[in-house]
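Trainee: This is the structure I have questions about; it appears just below.
Where a number appears in this text, it was derived from the coordinates with a stated rule and is not lab data. Because the structure is a prediction, the values reported are computed rather than measured. Cβ placement follows ideal geometry from the backbone for every residue including glycine, while neighbour counts extend to all protein chains displayed.
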Ligand SMILES: Cc1cc2nc3c(=O)[nH]c(=O)nc-3n(C[C@H](O)[C@H](O)[C@H](O)COP(=O)(O)OP(=O)(O)OC[C@H]3O[C@@H](n4cnc5c(N)ncnc54)[C@H](O)[C@@H]3O)c2cc1C
């Protein structure tokens, strides 16, 4: 991260066109080092690492370079979990996991959110007429898909799309939605604008448009109308890795500000020797320790304890809020330099704000914790 990523991420982040901010070079380097395929079983060509704590540690380290780099191992783990034997045949698992391992630029996109349905899919709000509006209508041996997705990570560069579409509009989103695996450049699937985000810019988010997109029925993943339940089963634990990558942002902000406070002299001494600033840094250090302890604790529990629906949403909400808090305090302590692009603080603050809005945002995550209570 120090040698390859930090020197170029600031420049990529500043590019005006959001379509130019993703680095193929960093993706390929991460692939060559085995991060992208870390969690895919060895028989397909992956690293075979299932232990969530280990994957979390990798995400923290990549997150120190940039939040988007930590998407790379998360992406492989999502593919592996979505193609679990309950949902995908051995043939399908073989086909896509081998293709994923053989191509250093292969990423997967998960297309759920739409202009009129975001949190309704995540909570979910399970009333007919709400949630996913994109439709997939059976026509002989095919489904014909129409609709629009937005905010989709890796859209436009991914080589495989997991699409959620309504196969029974008379039911709620949980019971009327199916999941399809669609390869890139399939007729009827095209891409809209690349979203111009305030931060997290090295992650590309783009719209996807389906216009009479005809796909064979065999491309359905899991049972008809069982798409959301299938996705939840498949991805149940991956949110912990989003919490782990927050550690990277928070650690980078803390390391950079401690260094800066040791070197910046005001009032006749390095500002770290002023007690008000020293206490702020101490609080930030303890916050980071608390985040890390929680991530490792819940990451371990994901592999070794019965599922707890409160655990992962809770740790995600805690870590995203505290990463933002640490990045915010770091930018404050740096004075005027905190808002200047010469220093990393303003970027870390923008990135940390964006990650609060993944997977339904932090209100919805707290609703899940409360529902579990
Ligand atoms: C960086 C980034 C990457 C993303 N990547 C993907 C991706 O790869 N694939 C994908 O499908 N989506 C992706 N998303 C979308 C993300 O999952 C949604 O933004 C999120 O689910 C919230 O939906 P929304 O933005 O439509 O907000 P809305 O659902 O419109 O919510 C607006 C506000 O209302 C609150 N709210 C919503 N419902 C309720 C309720 N029932 N009760 C009380 N309050 C409520 C919310 O907390 C929020 O404050 C991404 C988003 C971001 C920012």
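Trainee: Taking a point 7 angstrom from the Cα of residue 175 along the C-beta vector, which residues in the stretch 109-140 have backbone N less than 15 Å away?
Mentor: Under 15 Å, as judged by backbone N against the label point of residue 175, lie 124-130 of the stretch 109-140.
Trainee: Here's a follow-up. What distance in nm lies between label points placed 7 Å from Cα along the C-beta direction at residue 211 and residue 86?
Mentor: That separation, rounded to one decimal, is 3.9 nm.
Trainee: Another one. Which percent, to the nearest 5, of DSSP beta bridges fully inside the chain are antiparallel?
Mentor: Of the beta bridges lying entirely in the chain, close to 85 percent run antiparallel.
Trainee: With a 10 Å cut-off between alpha carbons and a GNM built on the chain, which of 37, 185, 162 moves the most?
Mentor: Comparing 37, 185, 162 in a Gaussian network model of the chain, the most mobile one is 185.
Trainee: Which shape class applies to the chain: rounded if a/c is under 1.5, otherwise prolate when a/b exceeds b/c and oblate if not, where a ≥ b ≥ c are the square roots of the Cα gyration tensor eigenvalues?
Mentor: Cα axes put the chain in the prolate bin.
Trainee: To the nearest 0.05, what FRET efficiency results for residue 274 and residue 126 with a Förster distance of 56 Å applied to their C-beta separation?
Mentor: 0.55
Trainee: While we're here: Would you calculate the separation in nanometres between label points at residue 103 and residue 28, each defined as 7 Å from the Cα along the Cα-to-beta-carbon direction?
Mentor: 1.5 nm
Trainee: In addition: Pairs of alpha-carbon atoms within less than 8 angstrom and 6+ residues apart define the contacts here; what relative contact order does the chain have, in percent?
Mentor: 17 percent
Trainee: For a quick check, take a GNM of the chain with Cα springs below 10 Å and name the residue from 166, 269, 193 with the largest mean-square fluctuation.
Mentor: Top of the fluctuation ranking is 269.
Trainee: Using Cβ contacts closer than 10 Å as the measure, can you line up 68, 190, 31 from fewest to most?
Mentor: 190, 31, 68
Trainee: Rounded if a/c is under 1.5, else prolate if a/b is larger than b/c, else oblate: which is the stretch 108-225, with a ≥ b ≥ c the root eigenvalues of its Cα gyration tensor?
Mentor: oblate
Trainee: Suppose only helical runs count, i.e. DSSP H with n ≥ 4. What mean residue ellipticity at 222 nm does that imply for the chain under -39500 (n - 2.57) per run, divided by all residues and rounded to the nearest 500 deg cm²/dmol?
Mentor: -15000 deg cm²/dmol
Trainee: Give the angle, between 0 and 90 degrees and rounded to the nearest 10, that separates the Cα long axis of helix 361-372 from the longest principal axis of the Cα atoms of the chain.
Mentor: Roughly 70 degrees, rounded to the nearest 10.
Trainee: Treating the angle as unsigned and between 0 and 90°, give the value, to the nearest 10°, between the Cα long axis of helix 345-355 and the longest Cα principal axis of the chain.
Mentor: Helix 345-355 sits roughly 30 degrees off the main axis of the chain.
Trainee: Going by average Cβ neighbours within 10 Å, how do the peptides 145-153, 256-264, 317-325, 232-240 rank, with the highest at the top?
Mentor: So the order, starting with the most tightly packed, is 317-325, 145-153, 232-240, 256-264.
Trainee: Rounding to the nearest 10 and keeping the result within 0 to 90°, find how far the Cα-based axis of helix 239-263 lies from the longest principal axis of the chain.
Mentor: Relative to the chain, helix 239-263 is tipped by roughly 20 degrees.
Trainee: Rounded to the nearest 5, what is the percent of antiparallel bridges among the DSSP beta bridges in the stretch 31-185?
Mentor: 70 percent
Trainee: Sort the stretch 15-139 into rounded, prolate or oblate with this rule: let a ≥ b ≥ c be the square roots of the eigenvalues of the Cα gyration tensor; rounded if a/c is under 1.5, and if a/c is not under 1.5, prolate when a/b is larger than b/c, oblate otherwise.
Mentor: oblate
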